[in-house]
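The values are calculated or read from the model by the stated rules, or taken from the named source; none is laboratory data. All values reported here derive from a predicted model rather than from experimental measurement. Here Cβ is always computed from backbone atoms with ideal geometry, including for glycine, and neighbour counts include all displayed protein chains. Just the protein is used for accessible areas: all its heavy atoms, side chains included, with ligands, DNA and RNA removed. Shrake-Rupley method; radii C 1.70, N 1.55, O 1.52, S 1.80 Å.
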Amino acid sequence: MRPALLDPLFAPLNSLPGTGPKAGELYARLLGRETIDDCRVLDLVFHAPHSIVDRRHQPGIARSPQGVIVTITGRVDRHQPAPPRTNQPYRVFLHDDTGELALTFFRVKGNWLEKALPIDETVTVSGKVDWFNGRPSMVHPDYMVRAAEGENLQLVEPVYPLTAGLSARILRKAVEAALTRVPEFPEWIDETLMRKQSFTSVHDCFLALHDPRDETDIDPQAPARRRLAYDEFLAGQLSLSLVRQRLRKVAGTPVHATGELSRPVLAALPFSLTGSQTTAIADVLKDMAGDERMLRLLQGDVGSGKTAVALMSMLAAVEAGGQAVLMAPTEILARQHFATLSKMAAPAGITIDVLTGRTKGREREAILERIASGETRIVIGTHALFQDTVVYSNLLLAVVDEQHRFGVHQRLRLTAKGISPHMLVMTATPIPRTLVLAAFGDMDVSKLTEKPAGRKPIQTVTIPTERTGDIVARLRTALAEGKKAYWICPLVEESDVSELMSVDERFQVLVKEFGPKVGLVHGRMNGAEKDAVMLAFKNGEIRLLVATTVVEVGVDVPDATIMVIEHAERFGLAQLHQLRGRVGRGDEASTCILLYKGPLSENGRARLSILRDTEDGFLIAEEDLKLRGEGELLGTRQSGTPGFRIASLEAHGDLLEIARKAAAYIIDRDPDLTSPRGEALRTLLYLHRRDEAIRFLRAG
Ligand code: ADP
Ligand code: MG
């Protein structure tokens with residue numbers, strides 16, 4: 001049970017002022033949740049300001065620099081209302097020892113200014129000063145208070161990340177209200193570390209987080225941020241340790257591969273495995289043969305052939321009399337894996353099924369029955385694989401493709417079902433060791449370092465959007481020669497349709513050019529529609545596929561040889577690399593055209609040229625990390641380290657190491673978190689929403 005202490009923080013966000021129905025959607029977007037119902041007060045408490053407005057500069061009227069925010073205290077001399085029926089502003093003049101300032105207001109209604117700025121009153125105003133013809137003015141001051149109340153003026157204000165439509169003032173009100181709900185927490189960090197790191201209480205850190213006094217308080221190294229980052233790492237490491245501890249209790253079932261299924265399948269493959277595929281398969285077989293559960297990460301660049309490794313691993317589980325699942329992040333991918341794997345595994349003569357959220361009605365019943373009876377040996381699907389209604393007969397191996405799209409949750413859900421299959425996690429993103437550690441804890445790693453033989457390099461060019469016409473002309477020739485091409489547009493939210501050409505519009509334009517051989521697929525289409533389009537592209541009815549990034553991960557159409565990416569400057573490097581990896585999969589030479597909208601920033605130019613110069617995913621990832629930080633590397637849009645709100649591996653790497661040791665120490669001494677400090681740590685886990693791990697305590 002969540003400690004009652006946390007109830008005020010877990011209250012719905014819309015219990016705060018200014019978060020009514022209209023604003024709800026905005027807050028949900030701001031906080032990265034589906035709907036306002038998923039937002040808690042807590043989410044705002046963790047919503048850290050990214051900069052400050054500094055109003056401490058008080059140079060006096062005459063010495064106020066142009067365009068800089070200043071705070072001025074002066075006496076109101078006169079009001080000059082706007083002449084009726086004109087567009088002229090209402091002006092209020094005040095002076096201090098150095099000069100006279102005009103406060104300028106447009107479209108003033110009623111007499112509120114007379115009340116706010118009475119003649120002869122000394123007032124403090126703050127805003128930007130504009131100089132025109134030697135006279136200073138301040139248009140719509142941000143603040144105006146009577147000097148007597150001037151102390152109430154906050155001279156340094158936090159500035160928060162916002163979302164279009166949400167006003168800074170309203171957000172700040174809501175944050176202030178949220179802060180009043182922050183309780184005093186029992187301390188979960190031991191005294192020695194508190195002293196050594198000069199940490200203060202969590203309560204105080206939350207308040208300090210939102211009350212920056214100067215630039216240094218915004219820095220990731222600000223004491224309050226460091227403490228909160230440490231807490232976040234500690235919660236993460238602790239929950240991983242609890243899970244691992246639990247996993248260790250449930251011994252793995254040793255899997256002894258006989259080779260009777262994999263042998264015929266291997267023999268029928270149209271290629272021979274690369275050296276690193278063979279090594280990776282051997283790693284997996286060795287792990288699974290032991291009594292400990294396998295927890296292995298398979299890293300391999302796009303096109304390196306991870307699917308074949310997955311299949312051989314799954315066949316081993318089947319040979320041992322068990323079942324295997326493969327979980328993909330999207331419906332398209334699940335269906336595609338199903339198609340590919342069914343074909344590859346045909347010589348094994350086993351039942352393979354696909355189960356996604358879209359599998360409904362009688363079909364679903366039948367599949368669930370086959371899975372429960374053990375008739376189905378391999379199931380491929382999405383999250384749906386781990387719903388409560390799915391009961392396995394003897395699940396020995398779970399393969400998770402493109403792990404970084406999942407939380408740790410799915411893994412936990414599986415284990416919570418009381419089954420403990422071996423686990424193989426596959427990703428195309430070369431995740432740095434530290435990130436692996438933070439996100440998954442200790443994991444063994446296999447790497448696919450070679451590309452399958454016969455691959456031709458992809459020629460990559462960068463071209464400004466002004467030359468889109470040339471590209472269309474080149475496409476015409478290519479399509480006439482029977483080639484296949486992708487045309488990728490950035491994912492378009494309705495709000496920025498005006499800025500970018502939407503994928504729909506691009507589709508219309510290309511249909512006009514090329515007719516019915518153009519297809520369209522995007523995330524807002526339903527699954528069946530997407531499948532139909534992908535299938536048509538695969539079998540060639542569609543030869544030019546206009547798409548958003550739904551094709552980013554793993555889609556395999558080997559004879560597609562042209563990739564056009566529109567607004568390439570909008571994408572992360574890793575994402576561009578993934579997209580490019582959709583071509584160059586067959587034995588034909590391929591081209592990738594990065595259309596960019598200029599002018600490019602220096603950084604933007606550097607990014608695109610890295611991509612032009614290399615196809616090495618590891619190198620690209622490293623450069624990406626340097627240029628953009630970790631968030632982008634994992635293809636997430638938030639800044640900072642994915643899965644963390646305050647902590648960043650770049651800034652707080654030292655703390656991760658401390659947290660890891662602390663977690664190990666705690667689990668060693670108090671594995672069930674029953675001591676007073678253990679109780680406090682439970683609160684920490686809830687606070688950082690890592691409480692799924694607590695279930696393992698109860699389950700014993
Ligand atoms: P990824 O690692 O991106 O998931 P896939 O498993 O989809 O890569 O493989 C990419 C393509 O390479 C597929 O068409 C697959 O059939 C092919 N492939 C896999 N292994 C080899 C190999 N050893 N030799 C030649 N082609 C291979
Ligand atoms: Mg793949």
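Remarks
- Filter result (part of a loop (DSSP other than H, G, I, E, B) and not hydroxyl-bearing (Ser, Thr, Tyr)) within region 268-297: Leu269, Pro270, Phe271, Leu273, Gly290, Asp291, Glu292, Arg293, Met294
- Flag if His383 is within 29 Å of the chain's Cα centre (by Cα), under 25 Å from Val255 (Cα atoms) and within 16 Å of ligand 2 (Cβ to nearest atom): no
- Among residues of region 567-581, those that are open to solvent by less than 10 Å² (accessible area, probe 1.4 Å) and either part of a helix (DSSP H, G or I) or in contact with a Cys (Cβ under 9 Å, 6 or more places away or on another chain) (or both), counted: 5
- Residue in region 351-361 that is among the basic types (Lys, Arg) and away from ligand 2 (no atom under 16 Å from the Cβ) present: yes
- Test: residue in region 488-501 that is surrounded by 23 or more Cβ atoms within 10 Å (Cβ to Cβ), away from ligand 1 (no atom under 16 Å from the Cβ) and modelled with pLDDT of 90 or more: yes
- In region 585-612, the residues that are in contact with a strand residue (DSSP E or B) (Cβ under 8 Å, 6 or more places away or on another chain) and over 24 Å from Gly469 (Cα atoms): Arg585, Gly586, Glu588
- Subset of region 292-308 (residues that are among the aliphatic types (A, V, I, L, M) and either more than 8 Å from ligand 1 (Cβ to nearest atom) or within 24 Å of Leu240 (Cα to Cα) (or both)): Met294, Leu295, Leu297, Leu298
- Some residue of region 309-330 being within 13 Å of ligand 1 (Cβ to nearest atom) and part of a strand (DSSP E or B): yes
- Selection status of Ile52, open to solvent by less than 60 Å² (accessible area, probe 1.4 Å), within 47 Å of the chain's Cα centre (by Cα), under 18 Å from Tyr143 (Cβ atoms) and not small (Gly, Ala, Ser): yes
- Between Leu627, Leu619, Leu649, the distinction of being open to solvent by 70 Å² or more (accessible area, probe 1.4 Å), at pLDDT below 80 and not assigned by TED's automatic domain parsing to the domain that holds Gln299 belongs to Leu619 only.
- Residue within region 538-546 that is charged (D, E, K, R), under 25 Å from Ala328 (Cβ atoms) and away from ligand 2 (no atom under 16 Å from the Cβ) present: yes
- Reported count of residues in region 471-487, each being under 35 Å from the mean Cα position of the chain (by Cα), more than 13 Å from Leu510 (Cβ to Cβ) and open to solvent by 10 Å² or more (accessible area, probe 1.4 Å), is 1.
- Only one of Gly18, Gly60, Gly32 that is on the phi > 0 side of the Ramachandran plot, buried (at least 16 other Cβ atoms within 10 Å of the Cβ) and either part of a loop (DSSP other than H, G, I, E, B) or without any contact (Cβ under 8 Å) to a residue 12 or more places away in the chain (or both): Gly18
- Filtered residues of region 277-304 (kept if modelled with pLDDT under 95 and in contact with an Asp or Glu (Cβ under 9 Å, 6 or more places away or on another chain)): Asp287, Arg293, Met294, Leu295, Arg296, Leu297, Leu298, Asp301, Gly303, Ser304
- Region 269-291 - residue that is open to solvent by less than 30 Å² (accessible area, probe 1.4 Å) and more than 18 Å from Ala346 (Cα to Cα) and, of those, farthest from ligand 1 (Cβ to nearest atom): Gly290
- Of all residues in region 215-256, those that are acidic (Asp, Glu), open to solvent by 50 Å² or more (accessible area, probe 1.4 Å) and modelled with pLDDT of 90 or more total 1.
- Enumeration of residues in region 337-350 that are away from ligand 1 (no atom under 16 Å from the Cβ) and surrounded by fewer than 16 Cβ atoms within 10 Å (Cβ to Cβ): Gly349
Residues are listed down the side, and each one gets a yes or a no for (1) within 16 Å of ligand 1 (Cβ to nearest atom); (2) modelled with pLDDT of 90 or more:
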| site | (1), (2) |
| --- | --- |
| Arg524 | no, no |
| Gly527 | no, no |
| Lys530 | no, no |
| Thr548 | no, no |
| Val553 | yes, no |
| Met563 | yes, yes |
| Glu566 | no, yes |
| Arg580 | yes, yes |
| Glu588 | yes, no |
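- Breaking point among (1) open to solvent by 50 Å² or more (accessible area, probe 1.4 Å); (2) of a type outside the set (Asp, Glu); (3) within 23 Å of Lys22 (Cβ to Cβ); (4) in contact with a helix residue (DSSP H, G or I) (Cβ under 6 Å, 6 or more places away or on another chain), for Ala168: (4)
- Pairs are defined by a Cβ separation below 9 Å, a sequence spacing of at least 6 or placement on different chains, a first member in region 513-532 that is within 23 Å of Leu475 (Cβ to Cβ) and of a type in the set (Asp, Glu), and a second member that is at pLDDT 90 or above and open to solvent by 70 Å² or more (accessible area, probe 1.4 Å); the pairs so defined are Glu513/Arg476.
- Within region 86-121, if we keep just the residues that are more than 50 Å from the chain's Cα centre (by Cα) and polar (S, T, N, Q), the residue that is farthest from Ile61 (Cα to Cα) turns out to be Thr86.
- Annotation note: Cβ proximity below 8 Å between a residue of region 345-364 that is free of Cβ contacts under 8 Å to residues at least 12 places away in the same chain and a residue that is open to solvent by less than 60 Å² (accessible area, probe 1.4 Å) and part of a strand (DSSP E or B) (sequence gap 6+ or interchain) occurs for Arg364/Leu355.
- When Leu113 is tested against the conditions (1) assigned to a strand (DSSP E or B); (2) closer than 22 Å to Gln154 by Cα, the lone failure is (1).
- Scan of region 35-56 for residues that are touching a residue at least 40 places away in the same chain (Cβ under 8 Å), within 17 Å of Ile646 (Cα to Cα) and touching a Leu at 6+ places or on another chain (Cβ under 6 Å), ordered by number: Val41, Leu42, Ala48
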